[in-house]
1. From the list Phe129, Phe149, exactly one residue is outside any helix (DSSP H, G or I) and either of a type in the set (A, V, I, L, M, F, W, C) or free of Cβ contacts under 8 Å to residues at least 60 places away in the same chain (or both). Which is it?
2. Kindly indicate whether any position in the range 254-269 is among the basic types (Lys, Arg) and assigned by TED's automatic domain parsing to the domain that holds Gly41.
3. Filter the range 56-90 for residues that are near the ligand (Cβ under 8 Å from one of its atoms) and within 18 Å of Pro5 (Cβ to Cβ) and give the result.
4. Considering Val262, Val274, Val200, Val266, which residue is touching a strand residue (DSSP E or B) at 6+ places or on another chain (Cβ under 6 Å) and of a type in the set (A, V, I, L, M, F, W, C)?
5. Could you please tell me which pairs satisfy a Cβ distance under 8 Å, a separation of 6+ or placement on different chains, a first residue in the range 63-74 that is without any contact (Cβ under 8 Å) to a residue 24 or more places away in the chain and surrounded by fewer than 21 Cβ atoms within 10 Å (Cβ to Cβ), and a second residue that is of a type in the set (Lys, Arg) and assigned to a helix (DSSP H, G or I)?
6. Residue check, Leu93 against (1) surrounded by 20 or more Cβ atoms within 10 Å (Cβ to Cβ); (2) away from the ligand (no atom under 13 Å from the Cβ); (3) in contact (Cβ under 8 Å) with a residue 60 or more places away in the chain, all met but one. Which one?
7. Return yes or no: is Ala100 in a strand (DSSP E or B), in contact (Cβ under 8 Å) with a residue 12 or more places away in the chain and within 15 Å of the ligand (Cβ to nearest atom)?
8. Out of the range 19-63, which residues are assigned to a strand (DSSP E or B) and farther than 22 Å from Asn106 by Cα?
Amino acid sequence: MEPLPPLREVIARHGLSASKALGQNFLFDEQLLDRIAAIPGDLSGQQVLEIGPGPGGLTRALLRAGAQVTAIEMDRRCLPALAELEAAFPGRLEVIQGDALKLDHNALMHSEPYSVVANLPYNVGTELFTRWLSGETWPRRWTSLTLMFQEEVARRIVAAPGTSAYGRLSVLAQWRSTARLAMKVHRSAFTPPPKVMSAVVHVVPTAMPDGVSATTLSQVTEAAFGQRRKMLRQSLKGLAGATGALDELGIDPQRRAETLSVDEFVAIARALSV
Ligand code: SAM
């Protein structure tokens, strides 16, 4: 196979100046991109859904790792650069132009299960992350999520109880998945560099605890962390049955949300789910 042209050259040739509105901060370091593509494990012959390929740096790394890639990109300007990659890896890459927030991802994938890999703007990444991890159906058709976030958000996702970063995102990511901070990425690795550091999070689904509604758990964490400085007695007051559930479970109503383990949140939600 012909060696691929350097990413900087591809960007210059296609006039892909980074758009602030689309949250574009590109990665050019191929070794770094290969390390990110290695986080989900051996991808050879595996289906991967990539969101936001941009000029295709991470896409190249996924293809080099042997993946079969379906990529959703919103920015039409990136399509010619991605078409060159499609030609370099025949039958291995399909690019779909559109807004990943509006598309049915499962319907786009040719087979399953699949891994999700993405380096997205903060707002889109967090919204998709919440959607991927919400809902009553579990496990999903994806086998892992490998996602770049601002480091501060990544730390919230993997946070342990008793820390200031622990909150709704932590419970969402940990009650039926394992979530780990797989790699820190310095802001200088991006062009243009963002204001803050980034980190890649890797999430793998585990068994869903019995008898718990995801919606109820979401309501409990929303109430509890919505007033995280308040005691549970106060913050959960609006949830019917919550005070009784705390009593029944032996959870001191004077505790604050950030002291509760993920299992304790699950237990409260289970008591309210019946
Ligand atoms: N993956 C490339 C890399 O790592 O260098 C580009 C990353 S850049 C941070 C984010 C990419 O997501 C951009 O190409 C942007 O156009 C795209 N994007 C932003 N919002 C999107 C959306 N709602 N749906 C699909 N792609 C989106």
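1. Step by step, each of Phe129, Phe149 is checked, and only Phe149 is outside any helix (DSSP H, G or I) and either of a type in the set (A, V, I, L, M, F, W, C) or free of Cβ contacts under 8 Å to residues at least 60 places away in the same chain (or both).
2. No, every residue in the range 254-269 fails to be among the basic types (Lys, Arg) and assigned by TED's automatic domain parsing to the domain that holds Gly41.
3. Initial filter on the range 56-90 (near the ligand (Cβ under 8 Å from one of its atoms)): 56-59, 72-75, 78.
Correct list: Gly56, Gly57, Leu58, Thr59, Cys78.
4. It is Val200.
5. none
6. (3)
7. Working: in a strand (DSSP E or B): no; in contact (Cβ under 8 Å) with a residue 12 or more places away in the chain: yes; within 15 Å of the ligand (Cβ to nearest atom): yes.
No, not satisfied.
8. Within the range 19-63, Phe26, Leu27 meet the criteria.
The values are calculated or read from the model by the stated rules, or taken from the named source; none is laboratory data. Just so we're clear, the structure is a prediction, and the values are computed from it rather than from any experiment. Heads up, the Cβs are rebuilt from the backbone with ideal geometry, glycines too, and the neighbour counts pull from every protein chain shown.
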